[in-house]
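The values are calculated or read from the model by the stated rules, or taken from the named source; none is laboratory data. Just so we're clear, the structure is a prediction, and the values are computed from it rather than from any experiment. Neighbour counts are summed over all protein chains in view; Cβ atoms, including those assigned to glycine, are modelled from backbone coordinates with ideal geometry.
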Amino acid sequence: MDSNSSSPRVGVFVCHCGSNIAGTVDVEKVAQEISKMEGVAYAGTYIYMCSDPGQKLMRETIEKEKLDRVVVAACSPTLHEKTFQINSKNAGLNPYQCEIANIREHCSWVHEDNKKATEKAIKITKSIVEKVKEDKSLTDIEVPITKKAIVIGGGVSGIQAALDIANGGYKTYLIEKDSSIGGKMAKLSETFPTLDCSQCILTPKMVEASNHPNIELMTYSEVESVSGYVGNFKVKIKKKPTSVNWDLCTGCGDCYNKCPAKVPSEFQEGLSKRAAIYIPFPQAVPNKPVIDRENCLYYQKGICKICEKVCKIGAIDFDMKEDIVEIDTGAIVVATGYREYPLENLTEYGGGKYPNVISGLKFERLLSASGPTGGQIIRPSDGKSVKDIVFVQCAGSRDIEEHKPYCSKICCMYTAKHAMLFKHKVHDGNAYVFYIDVRTAGKDYEEFYYRTTEEDHALYTRGKVSKIFEDGEKVVVWGVDTLTGKKVEIKADLAVLAMAIEPSVGIKELQQKLKISIDENGFLKEAHPKLRPVESMTSGIFFAGAAQGPKDIPESVSQAGAAASKVLSMFSSNMLHKEPLICEIDEDVCSGCGVCIALCPYKALEAEITTKEGKEVKRSKLNEALCQGCGTCSSACPSGAATMRNDETKNMFKMIEVILE
Amino acid sequence: MENYEPKIIAFLCKWCTYAGADLAGVSRLKFSPNAIPIRVMCSGRVDPSFILDAFSKGADGVLVGGCHPGDCHYAQGNYKTLRRVKLLKALIKEMGLEEERLRLEWISASEGNKFKEVVNDMTIKLKELGPSPLKKEE
C-alpha cells in the first residue's frame, strides 16, 4: 500500500471513554460530521477504543475499509498515542500516520455545555484529520546507546538504584553533593514498622555501593550541566574541592580531632558540634574528611593549619581547586530526596525560637544510639530529662492557607514510632500526640500504630495545635480535642513537630538543567501519575524516592528498583529507536544563509559546501541524531527549506483553516 | 453581536502548556470552549506565518503557550518566541488589529489552573474587543 499516495483514505475512530467523553460530547454527531470530510473513508465510535475489542475493531476496520491513515479522537496523546500507533502498525499502517485528537482532557472534561463541547470536539478532530492527511510514512531513526548510567543523589533511593543498575552489569556513577552517601536515612534511629536500626540496614548498602566494581562514587559533587538526549547525555559534574587528598588519606581522624574550629553538626541536626575539617558521621562512606572552608580558620583568617601539621601523610591540600569532569551516559536517575520544611516557618509553634520545640529529624538524633546523647532523651535547652512530651502531627502539612497543602505521608508513622520509642526509654513518661487524621496505609503499619496506643499507651488527641509557648522551664501546648470539643493544655518538657517535607534545595536548578518538569509543590513531575510514575517526560530520565513526592523507605526502595529496571530494559538493546519527527532540509531550496545554524540549540545543523551543476553552493546540513525536533529552525527559515516532518507549515495552514471555517 | 463567540487558536507547546491544559482536564476545571488547541513541539515552532495565517483566516485571537523562562525543553525556544511575538504584536497593530488579540503565556505542566484563567480571560477580553476587523463579512 502506498501510504504517501495523493488520495488518502482516513479512518476516524471516536472513543466514548465510557461516559468520560460521551457524557458531554455527542460522539455520534462528531463521527457523522467528520465522515463528510474529504478523504475520510470511515468514521465510527466505540465505547472504549483503547480496550482489546476497541483495538481489534480498529485493525479490522483498517483492513476492511482499506484505510491508509488513522485518527483516534480520544484522550490526550500523552496517554495512548503510543498504544494506537502500535495498533495501527500491527494493522499494517505506518505508525506516524496515526494521530490523536484530544477530545477528553481538552474538551469533554473541561466543558459543560454539550452543544459547544460537541462543536469543539468536531473542530479538534477535523484539524487532526487535516494533519494526518499530510502525514508522511516515516521510519524510526536508530541511535546508539551509551550503556552507562548516572544516579543523582546518594540517599537510600539513589544507592538502591545504583546497585540495581550496577548489578545488571552496567557502569553507574553515583553523584552525591555531601561528602558521604547515606542521605536522610543515615540520620534515622529506628525504622517503622519493624524497628530495625536504620544504620544497621543502610550502612551495609552504603559499603556495597562503595565497593561495587561497576559503581563509581562521586561524593562532594554536583551536576553542573546536562546536554544531549536519551541514550547519549553528556553530564558535567562539579567536584567540589575537599581540601584533602583522598587518595592519600587513611581516615585516621587526627585532623578532625585536633581542629580548633567548631560549628554545629548538620548530621546531628545541631545537637552537637563538629570541626571545620570533618566527616559527617563515623560510618560515612567514603570515610574521608573534607574542609568546610567557610568555617576553617585558615581559609577565613589565614592562621591555624593544625590539620596539615598533624596529618602524618601530608594529605591536606589547601590549594585544591574544584574540578569539572564530563561523563557520557545513556540514562539518568534523579534521586535527590527531600528536606524538612524549615522549623522557623512555624512561628505559631515557636519553631526556631524555643530550643525545646524541635523537628522530627532532630528527635531522631536524640533517639539514636549514634546520636550526641547516645539515645538518651534530654531537653536541648538544659540537658534535663524529659517526662512529658508532645508530638504535633501535620506541622506544616495539609495546611492550604499557610504552609503545604499536601500530606507528607511519612509523619503519622514516624510519630507513632517516636511516641513508642520514647515510652520504651522513659517508662513513666507521658507521650501526647495531636493529629488531624492518623494515616497508616502500608503493610503492618496499622498494627504498629495500635501497639503505640494500646501497648505503649501513647495518648492520641484528635485536633490541631493552635499555639505553643514557653512558660518557665516548660513548653505549653494549646490545642482542641475535636472529639469532645474541649480545649486542651499540656505543659510539656519537649515538643516535637512532625514537619512537612519538601523537595531538596536546588531542585529547581537541577530541573532546569535536566529539562524536566516539577509540580506545583516543587516535586518532580512524572510522565503519568499512574502508568509512568518513575519516568520523566524527557526520555532517558527517571525518578526514585522522595524527590518525586513524599515517600517512606519501602516505597523509595521500590521506586529505585523500578527506575533501575527502566534503565536496564533500555540498555538491553544496542540501538535506541528515536522518533523521526525532526527537521528536514530541502537541499534544492536552501540558500545557505545560516540563520538556522545560529538558532539550533543542539548544534544539529552545520554549513556545508557542495557542488551543484558545476558551481560551489553553500547549504545547511542536518545531523539526524542530534536534532530533537523543536522546530525553531523551521520557524525562522526565510526560504522554507527547513521543515518539520509531519508538522510542515502547509499542514499547519490547513489545520488553522478547518478550525476557523 | 450578542451571540458573538470569539474564535481563538491556541498553539501549545507539547512539554509545558499542552500538558498544563491536560492537567486542567484531569482536574475537571471548567472554562470557556473558545480556544481550539494545536499541539506544537515547542513554542519556538510557532512560525510567525502561522499566527498571521490564523488572523487572515478570521481568528479573533491567537494564544501561544510555552514553558516558563529557563524551563524550555529545548533550552531556548521560548526566548525566540518571546522576541517573535513582540515583533508580531507591532506588526498586527499595523494591520489594524489590537495587539491584545495575540497573547503569549508561560504555562507549565503543573499550571492547569493558569491555563483555565488565561483562556477565560482571553475570551472575555476578546468579547469586549468584538470580532476581528479582518474577519470577512458573512
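Annotations
- The single condition among (1) crowded, with 23+ Cβ neighbours inside 10 Å; (2) in contact (Cβ under 8 Å) with a residue 12 or more places away in the chain; (3) not hydroxyl-bearing (S, T, Y) that B:P33 does not meet is (2).
- Test set (1) within 9 Å of chain A (Cβ to nearest Cβ); (2) touching a residue at least 24 places away in the same chain (Cβ under 8 Å) - B:P131 fails condition number: (1)
- If only residues of region A:104-115 that are within 7 Å of chain B (Cβ to nearest Cβ) and surrounded by 17 or more Cβ atoms within 10 Å (Cβ to Cβ) are counted, the one that is farthest from the chain's Cα centre (by Cα) is A:H111.
The rows are residues; the columns are (1) of a type in the set (K, R); (2) away from chain B (no Cβ under 14 Å); (3) in contact (Cβ under 8 Å) with a residue 60 or more places away in the chain; (4) in a loop (DSSP other than H, G, I, E, B).
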| residue | (1), (2), (3), (4) |
| --- | --- |
| A:T484 | no, yes, no, yes |
| A:L497 | no, yes, yes, no |
| A:V505 | no, yes, yes, yes |
| A:K508 | yes, no, no, no |
| A:Q511 | no, no, no, no |
| A:I516 | no, no, yes, yes |
| A:E526 | no, no, no, yes |
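- Index of the failed condition, B:E117 passing every other in (1) surrounded by 24 or more Cβ atoms within 10 Å (Cβ to Cβ); (2) within 18 Å of B:I8 (Cα to Cα): (1)
- Output for region A:102-115, where each listed residue is closer than 19 Å to A:I656 by Cα and assigned to a helix (DSSP H, G or I): A:H106, A:C107
- Evaluation of A:T440 against (1) buried (at least 17 other Cβ atoms within 10 Å of the Cβ); (2) without any contact (Cβ under 8 Å) to a residue 12 or more places away in the chain; (3) assigned to a loop (DSSP other than H, G, I, E, B) (one fails), failing number: (2)
- Residues within region B:8-35 that are more than 7 Å from chain A (Cβ to nearest Cβ) and of a type in the set (F, W, Y), tallied: 2
- Flag for A:V557 being within 30 Å of A:T336 (Cβ to Cβ) and not hydroxyl-bearing (S, T, Y): yes
- In region A:18-98, counting only helices (runs of 4 or more DSSP H) that sit wholly within it, the ones holding 1 or more residues that are in contact with a Lys or Arg (Cβ under 9 Å, 6 or more places away or on another chain) and surrounded by 15 or more Cβ atoms within 10 Å (Cβ to Cβ) span A:27-35, A:77-90.
Condition check ((1) in contact (Cβ under 8 Å) with a residue 24 or more places away in the chain; (2) surrounded by fewer than 22 Cβ atoms within 10 Å (Cβ to Cβ); (3) assigned to a strand (DSSP E or B)) across all residues:
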site: A:A117; (1), (2), (3): yes, no, no
site: A:A121; (1), (2), (3): yes, no, no
site: A:T125; (1), (2), (3): yes, no, no
site: A:K131; (1), (2), (3): yes, no, no
site: A:L138; (1), (2), (3): yes, yes, no
site: A:A149; (1), (2), (3): yes, no, yes
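- Filtered residues of region A:390-437 (kept if touching a helix residue (DSSP H, G or I) at 6+ places or on another chain (Cβ under 8 Å), among the β-branched types (V, I, T) and part of a strand (DSSP E or B)): A:V392, A:V433
- Matching residues in region A:609-658 - criterion: being part of a helix (DSSP H, G or I), of a type in the set (S, T, Y) and closer than 25 Å to A:E142 by Cβ: A:T632, A:S634
- Selection within region A:602-654 - surrounded by 22 or more Cβ atoms within 10 Å (Cβ to Cβ) and without any contact (Cβ under 8 Å) to a residue 12 or more places away in the chain: A:S635, A:M652
- When region B:50-100 is limited to residues that are aromatic (F, W, Y) and crowded, with 23+ Cβ neighbours inside 10 Å, the one that is farthest from the other protein chains (Cβ to nearest Cβ) turns out to be B:F55.
- Single unsatisfied condition, A:G522 versus (1) among the small types (G, A, S); (2) in the same structural domain as A:I358 (by TED's automatic domain parsing); (3) within 24 Å of A:C411 (Cα to Cα): (2)
- Region A:46-56, residues that are farther than 14 Å from A:A73 by Cβ and over 33 Å from the mean Cα position of the chain (by Cα): A:P53, A:K56
- Selection count, region A:376-390, where residues are buried (at least 16 other Cβ atoms within 10 Å of the Cβ) and touching a residue at least 40 places away in the same chain (Cβ under 8 Å): 7
- Test for A:G371: is it farther than 17 Å from A:T415 by Cβ, under 36 Å from the mean Cα position of the chain (by Cα) and either of a type in the set (S, T, Y) or surrounded by 21 or more Cβ atoms within 10 Å (Cβ to Cβ) (or both): yes
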